[in-house]
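The values are calculated or read from the model by the stated rules, or taken from the named source; none is laboratory data. Quick caveat, the model's predicted, so the values are computed rather than measured. Glycine also receives a Cβ, built like all others from the backbone with ideal geometry; neighbour counts cover every protein chain displayed. Side chains included, ligands, DNA and RNA excluded: accessible areas come from the protein's heavy atoms. Shrake-Rupley method; radii C 1.70, N 1.55, O 1.52, S 1.80 Å.
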Amino acid sequence: MKLMMNGQEHEFNFGIGFLRTLDQKYFITTQGMKMGVALEMIMPQLLAYDAVTLSDVLVAAGNLPVSTVDNYIDDPETDIEALFNEVINELKKSSCTRLKVGKILEDMEEKIQE
């Protein structure tokens, strides 16, 4: 995924490095073991249009400073709804995230049906 921010094109990669970065921020500790749960935590937030989570995801995927991403999100010219949708679609496609994201979305849909 590529985005123009401040006149510069930035590439975003939703691969294993992205997951490692987010798992350092989004984790649980159980029986003394730290377990990354980034995708389980960010997907509901992205679907709820949480801008802070969107920023966290873009920072991790683009290896960019928080201020660069936040300024882009805050820019009135940015179509934030389209940006959320683009990020969610990239997470559905990436080889490192698509299986788990598919399962998370399936589980969420099942809970809605109950």
Exercise for the section: May I ask you to list the residues in segment 1-39 that are open to solvent by 30 Å² or more (accessible area, probe 1.4 Å), assigned to a loop (DSSP other than H, G, I, E, B) and out of contact with any strand residue (DSSP E or B) (no Cβ under 9 Å at 6 or more places or on another chain)? Expected result: 6, 7, 13, 31, 32
Completion exercise
Going through segment 69-92 in order, the residues found to be in a helix (DSSP H, G or I) and open to solvent by 30 Å² or more (accessible area, probe 1.4 Å) are 70, 71, 72, 74, 80, 81, 82, 85, 86, 89, 90, 92
Exercise for the section: Identify the residue in segment 93-107 that is of a type outside the set (Lys, Arg) and in a helix (DSSP H, G or I) and, among all such residues, is most open to solvent (accessible area, probe 1.4 Å). Expected result: 99
Exercise for the section: Give me the pairs, please: first residue somewhere in segment 80-109 and over 17 Å from residue 15 (Cα atoms), second residue anywhere and among the aromatic types (Phe, Trp, Tyr) and surrounded by 14 or more Cβ atoms within 10 Å (Cβ to Cβ), beta-carbon distance under 9 Å, and either six or more positions apart or on two chains. Expected result: 83/72
Exercise for the section: Answer yes or no: is there a residue in segment 40-59 that is outside any helix (DSSP H, G or I), of a type outside the set (Ser, Thr, Tyr) and farther than 14 Å from residue 88 by Cα. Expected result: no
